[in-house]
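The values are calculated or read from the model by the stated rules, or taken from the named source; none is laboratory data. Everything quoted here is computed from the prediction, not taken from an experiment. Because the Cβ atoms are built from the backbone with ideal geometry, glycine has one as well, and the counts that use them run over all protein chains shown. Side chains included, ligands, DNA and RNA excluded: accessible areas come from the protein's heavy atoms. Shrake-Rupley method; radii C 1.70, N 1.55, O 1.52, S 1.80 Å.
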Amino acid sequence: MPLRLGVLCSGRGSNFERIVQACKSGEIPDAEVVCCVLDRPAGAQEIAKKYGIDCMTLEPKNFPDRLAWMRQIADELKKRKTGLVVLAGFLRKIEKPVLEAFPKKILNIHPALLPAFGGAGMYGIKVHEAVLASKVQESGVSIHLVDDEYDHGETIYQEKVPVMDGDTPEALQKRVLEAEHRAYPKAIAEYIRTLRP
Ligand code: GRF
C-alpha cells in the first residue's frame, strides 16, 4: 500500500506540485498525495484541481478557536488515512491536535540553513533579506521535523545554495526555490525509507 501524504499549504504551492509529480514519477517511491489542506484561498487550490487531489480550505476565522481549527485539520487528515504530513509553505504554527495525531510524521521545508534565519516572522522574502543583510556567503534549504515552535524540530536534510555578489532578495529567493524543488522530494523519499525498514 502506498504511503498516503497530506500536504498543508498557504500559498502558490510550487513545492506541493513538485511533491505530487515526484510521487507520480516514482522519485518518491511508493507514496501518493491524497489531500491538500489550505488555511486561506490560494494558488495551491488550482494545483490540487489540476491533479484531481482532494483539497479543502479551512480558515481559522471560521472556527471558535485555534485548537478547534487544528482538531478539524487532524480529523480530515486521519479520515484520509494520512501516513505523513508535509508542510509546503504553510504559514501557521502546528499545534497539539495535529502534533499528537502524527508524532514524528510531520515535515516542513524552510528556505535557509536552520537554525539560522528561522523562527516567528521569518518567512517569504524576509528570510532572504535577512540572509543578505548578514553578509553570509551561503544560504540553502532545510527540511525538518515539526514541533510546536516555528522552524524548530530536528533537521533531517539540508542543501546549500551560494549567495552571489550583487544578489537581490528576489534573485536569492529564486535560486533557493530551485534547490527546494530538488531537495524536498529527496528528503521525503529518504525519510519514508526510515519509516519503512
Ligand atoms: C517556500 O519557499 C518554502 O520554503 C516556504 O514557503 C515557500 C512556499 O512556496 N516554507 P510554494 O508555495 O511551495 O511555492
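Net length available on complete extension from residue 66 to residue 95 is 9.6 nm, with 0.36 nm assigned per residue and the Cα-Cα distance removed.
Structural descriptor for the chain: relative contact order 20 percent, calculated from alpha carbon pairs under 8 angstrom and at least 6 residues apart. Model label sites at residue 50 and residue 24, defined 7 Å from Cα along the beta-carbon direction, differ in position by 0.9 nm. For the chain, the spread of Cα coordinates along the three principal axes comes to 49, 40, 31 Å, biggest extent given first.
Quick one: pull the percent of accessible area on the stretch 32-187 belonging to carbon and sulfur, 1.4 Å probe, ligands and nucleic acids left out. After summing per-atom areas, the C and S share lands at 51 percent.
Annotation: peptides 44-54, 61-71, ranked by per-residue average of other Cβ atoms within 10 Å with the highest first, follow the order 44-54, 61-71.
A straight chain from residue 170 to residue 190 at 0.36 nm per residue would run longer than the Cα-Cα distance by 4.2 nm. Taking all Cα pairs closer than 8 Å and separated by 6 or more residues, the relative contact order of the stretch 81-121 comes to 46 percent. Listed cross-link partners 24/49; 24/50; 105/186; 126/174; 49/160; 61/93 are compared with a 21 Å cut-off, the Cα-Cα value being larger for 49/160. Can you compute the FRET efficiency between residue 58 and residue 1 using 1/(1 + (r/R0)^6), with r the Cβ-Cβ distance and R0 = 35 Å? Round to the nearest 0.05. After rounding to 0.05, the efficiency reads 0.85. Annotation for the stretch 1-30 versus the stretch 47-63: alpha-carbon center distance of 15 Å. Neighbours of residue 171, meaning other residues whose beta-carbon lies under 13 angstrom from its beta-carbon, give a summed charge of -3 when Lys and Arg score +1 and Asp and Glu score -1. Calculation over all alpha carbon pairs of the stretch 20-105 in 5 angstrom steps from 0 returns a P(r) of 3, 13, 23, 27, 20, 10, 3, 1, 0 percent. Mean projected area of the convex hull spanned by the Cα atoms of the stretch 68-172, taken over all viewing directions: 6.8 nm².
Between helix 125-134 and the chain there is an angle of about 30 degrees, using the helix long axis and the longest principal axis of the Cα atoms.
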